[in-house]
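Structure, as structure tokens:
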Amino acid sequence: MALIEPETDRLLLRQWRDSDKEPFSTLNADPRVMEYFPSLLSRSESDSVADRCKSLIADKGWGLWAAELKESKLFIGFVGLHIPSDDLPFSPCVEIGWRLAYEHWGKGYATEAALTALNVGFQQLLLDEIVSFTTLSNFKSQAVMKRIGMAMTETFEHPALPKGSPLRKHCLYRLTGTQYAA
């Protein structure tokens, strides 16, 4: 499949570059960014995530794209679509996700890029549904999910997180292609 690199007014969603690894590692080591994840990522763990994102985009033409500010060419995180590998109660599915450096929160970038990713998913990839999920206490991500038109449909226990973890209980948001078209 051809490489898809969508743009918004302010952002380029693109294939990953080696130069993205250092700023990506910095955001993955930031406790504010990783508050709703089980742990901070080491440099090698972060590089592995970036390499996996790059490989999946190379294979499919789409994925969790590196997000770049068009004006400054600054890497700010990722936004995009992904097929989760965990055995989730609603698998198989395509999820929409984002992770931005803290200094770029509150500027509308996640919403702007996520709306563009939804457009790719429904208009180019012709997906029937896109989901998103997060821990129950992650209200900032849930707010983005609502702003892009998704609705919470259920809660579930994330199987990759240990029983008793305060992060294990998740909420699932969904959007169908029909809802998106309306």
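The values are calculated or read from the model by the stated rules, or taken from the named source; none is laboratory data. In this text the structure is predicted, and so the values were computed from the model without any measurement. Glycine also receives a Cβ, built like all others from the backbone with ideal geometry; neighbour counts cover every protein chain displayed. Areas reflect the complete protein model, heavy atoms only, side chains present, ligands, DNA and RNA absent. Shrake-Rupley method; radii C 1.70, N 1.55, O 1.52, S 1.80 Å.
Remarks
- Ranked from largest to smallest solvent-accessible area, with a 1.4 Å probe on the protein heavy atoms, E112, E45 come out as E45, E112.
- Taken over the alpha carbons of the stretch 19-75 as equal point scatterers, the Debye sum produces base-10 log I(q)/I(0) values at 0.14, 0.17, 0.21 Å⁻¹ of -0.42, -0.61, -0.88.
- Shape summary: the stretch 1-50 maps onto an equivalent ellipsoid whose semi-axes, from the alpha-carbon gyration tensor, are 24, 14, 10 Å in decreasing order.
- For T155, the solvent-accessible surface with a 1.4 Å probe is about 60 Å², rounded to the nearest 10.
- Rel. contact order, % - alpha carbon contacts under 8 angstrom, at least six apart, the chain: 19
- Given +1 at the Cβ of Lys and Arg, -1 at the Cβ of Asp and Glu and no other charges, the dipole of the chain around its Cα centre is 340 debye to the nearest 20.
- Selected from T116, T134, T153 as most flexible by GNM, with the chain as the system and alpha-carbon contacts under 10 Å: T153
- Cross-link partners of K169 among lysines, defined as those whose alpha carbon lies under 23 angstrom from its own and excluding same-chain residues fewer than eight positions apart: K140, K146.
- Selected from L125, L11, L69 as most flexible by GNM, with the chain as the system and alpha-carbon contacts under 10 Å: L125
- In the stretch 109-156, the alpha-carbon atoms span a convex hull of 73 Å³ per residue.
- For the chain, the Kirkwood hydrodynamic radius from C-alpha pairs, put into Stokes-Einstein at 10 °C and a viscosity of 1.306 mPa s, yields a diffusion coefficient of 96 µm² per second.
- GNM result for the chain, Cα springs below 10 Å: residue of Q123, Q142, Q15 fluctuating most strongly: Q123
- Quotient of Cα Rg and 2.2 N^0.38 Å for the stretch 80-181, N being how many residues it contains: 1.06
- Kirkwood-Stokes translational diffusion coefficient of the stretch 128-176, alpha-carbon pairs, 20 °C, 1.002 mPa s, µm²/s: 194
- Ellipticity estimate at 222 nm from DSSP helix runs (n ≥ 4, -39,500 (n - 2.57)) divided over the chain, nearest 500: -8500 deg cm²/dmol
- Apportionment of accessible area to carbon and sulfur, the chain, percent (1.4 Å): 52
- Descending semi-axes in whole angstrom, ellipsoid equivalent of the stretch 80-134, from the Cα gyration tensor: 22, 15, 7
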